[in-house]
1. Return the pairs, sorted by first residue and then second, in which the second residue is of a type in the set (G, A, S) and in a loop (DSSP other than H, G, I, E, B), the first residue lies in the stretch 12-38 and is closer than 19 Å to R2 by Cα, the beta carbons are less than 9 Å apart, and the residues are 6+ apart or on different chains.
2. Quick check on the stretch 39-81: of everything there that is farther than 30 Å from A10 by Cβ and charged (D, E, K, R), which residue is modelled with the highest pLDDT?
3. Being among the charged types (D, E, K, R), open to solvent by 50 Å² or more (accessible area, probe 1.4 Å) and touching a strand residue (DSSP E or B) at 6+ places or on another chain (Cβ under 8 Å) is the filter here, so list the residues in the stretch 3-16 that pass it.
4. Just one of (1) under 17 Å from the mean Cα position of the chain (by Cα); (2) of a type in the set (S, T, N, Q); (3) not in a loop (DSSP other than H, G, I, E, B) trips up N69, so point out which.
5. For the stretch 17-48, give me each residue that is among the aliphatic types (A, V, I, L, M) and surrounded by 10 or more Cβ atoms within 10 Å (Cβ to Cβ).
6. Given the conditions (1) under 12 Å from the mean Cα position of the chain (by Cα); (2) aliphatic (A, V, I, L, M); (3) part of a loop (DSSP other than H, G, I, E, B), report the number of the one that I28 does not fulfil.
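The values are calculated or read from the model by the stated rules, or taken from the named source; none is laboratory data. Model, not experiment: these values are computed from the prediction. As a convention, Cβ positions derive from the backbone with ideal geometry for all residues, glycine included, and neighbour counts pool all protein chains shown. Ligands, DNA and RNA are excluded from the accessible area calculation, which covers all protein heavy atoms including side chains. Shrake-Rupley method; radii C 1.70, N 1.55, O 1.52, S 1.80 Å.
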Amino acid sequence: MRSLKKRVTARDNDSCYVCGRERQEDEIFDLEHIRPISQGGATRDMDNLGLICPEDHALKSKAEAAQANRSRVARNRRSGG
């Protein structure tokens with residue numbers, strides 16, 4: 001995965017794909033699936049990968065978890081559970 005992260009980092013100019021902020025020298029950005037795998041996103045497709053800063057990663061993860069919970073509740077209601 002390291003070579004893939006290097007390719008995405010170079011493509012994204014060492015910047016967060018969400019906010020555009022450039023990574024500082026001592027900072028670590030994550031390699032993120034833009035469309036979650038659970039929602040059909042490709043695991044190694046360059047078009048589905050982006051470099052993301054810690055702040056945006058935390059916000060995106062919380063939003064995705066909340067969406068997953070809403071979907072689970074809706075499924076349970078439909079199935080009578």
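1. That search, which allows pairs on different chains as well, returns H33/G41; H33/A42; I34/G41.
2. Among them, the one singled out is R70.
3. Hit for the stretch 3-16 is K5, nothing else.
4. (1)
5. Answer for the stretch 17-48, where residues must be among the aliphatic types (A, V, I, L, M) and surrounded by 10 or more Cβ atoms within 10 Å (Cβ to Cβ): V18, L31, I34, I37, A42, M46.
6. (1)
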